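Every number in this text was worked out from the coordinates using simple rules, so none of it is lab data. Here the structure is a predicted model, which means the values were calculated and not measured. Heads up, the Cβs are rebuilt from the backbone with ideal geometry, glycines too, and the neighbour counts pull from every protein chain shown.
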Amino acid sequence: MDLHSIKVACSSCNLRELCLPVGLSADEMSKLDHVISTRRRVKRGTSLFNAGDAFTSLYAVRSGFFKTSVTTADGRDQVTGFQMTGEIIGMDGIVQDKHSCAAIALEDAEVCVLPFDKLEQLSREFSTLQHHVHKIMSREIVRDHGVMLLLGSMRAEERLAAFLLNLVQRLHARGFSQSELILRMTREEIGSYLGMKLETVSRTFSKFMDDGIIDVKQRYVHIKDTQALAAIVSQPAD
């Protein structure tokens, strides 16, 4: 992979935050090349890694969609997040050198493999690279705090509205529509993530449709009134 290929590969991916904006020299870029040159394909329904697997690498989603999940004490799968093109998976493994969750492809996907030991070594050499790695980790912490707020203080309608807004905003940042999206996850997986029963998810979708806020056809969602969705999220509690 030459310098031009790296730039093309990173154009729609968070890897561009590790190299392109930080002004690395040709020699530094060459070293980074060796770190990110490996890619891995993951078939729909299969795992990128499972809970308990040894932690060796971070993964940048080059294409496709993933969910992360943990198994509760009573054997239930709890969805902890959804990751799309340009996002990093695998940071859960840093603290104990093993993964605490599973990452499962919701469609055929491809990831760039970032061996963590090599990434750490390069980060020590290039302070700007280290800064960007920390920035990505910080963003994950902020996102986790957002989920805690979502589950801790919001009603069902607010949770689903916030979820849809967040999803379409993240997709729009990658060049997709501001108002249309295809849900890669099932209603049941959405419910698991938002702490809602399947019936509640379906009923809330139906209410949003009846109110003229969204249009839904199977997994296709058209947000007809973004401001109305935002108003649901921001309305004061009773």
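A few comments on the model shown:
- Listed by chain and number, the lysines whose C-alpha is less than 17 Å from the C-alpha of LYS217, apart from same-chain residues fewer than 8 away, are LYS207.
- Peptides 170-182, 112-124, 49-61 ordered by average Cβ neighbours within 10 Å, highest first: 49-61, 112-124, 170-182
- Along region 195-208 the Karplus relation, 6.51 cos²θ - 1.76 cosθ + 1.60 evaluated at θ = phi - 60°, assigns HN-Hα couplings of x, 10, 6, 3, 4, 5, 4, 5, 5, 6, 4, 4, 5, 4 Hz to successive residues, with x for each Gly and Pro.
- Principal semi-axes of the equivalent ellipsoid, √(5λ) from the alpha carbon gyration tensor of region 38-108, are 19, 15, 10 Å from largest down.
- Ratio of Rg to Rh for region 45-168: 0.98 [Cα atoms; Kirkwood radius as inverse mean 1/r over pairs].
- Proximal aspartates and glutamates relative to LYS31, as straight alpha-carbon distance under 17 Å, when same-chain residues fewer than 8 apart are discounted: ASP2, GLU17, ASP117, GLU120, GLU125
- As a ratio to 2.2 N^0.38 Å, the alpha-carbon radius of gyration computed for region 154-234 takes the value 0.99.
- Counting other Cβ atoms within 10 Å as a rough exposure proxy, the listed residues GLU125, GLU189 run GLU125, GLU189 from fewest neighbours to most.
- With 0.36 nm allotted per residue and the present C-alpha distance subtracted, the ILE136-GLN178 stretch has 12.7 nm of extension available.
- The fewest-to-most ranking of LYS217, LYS207, LYS135 by surrounding Cβ atoms within 10 Å reads LYS217, LYS135, LYS207.
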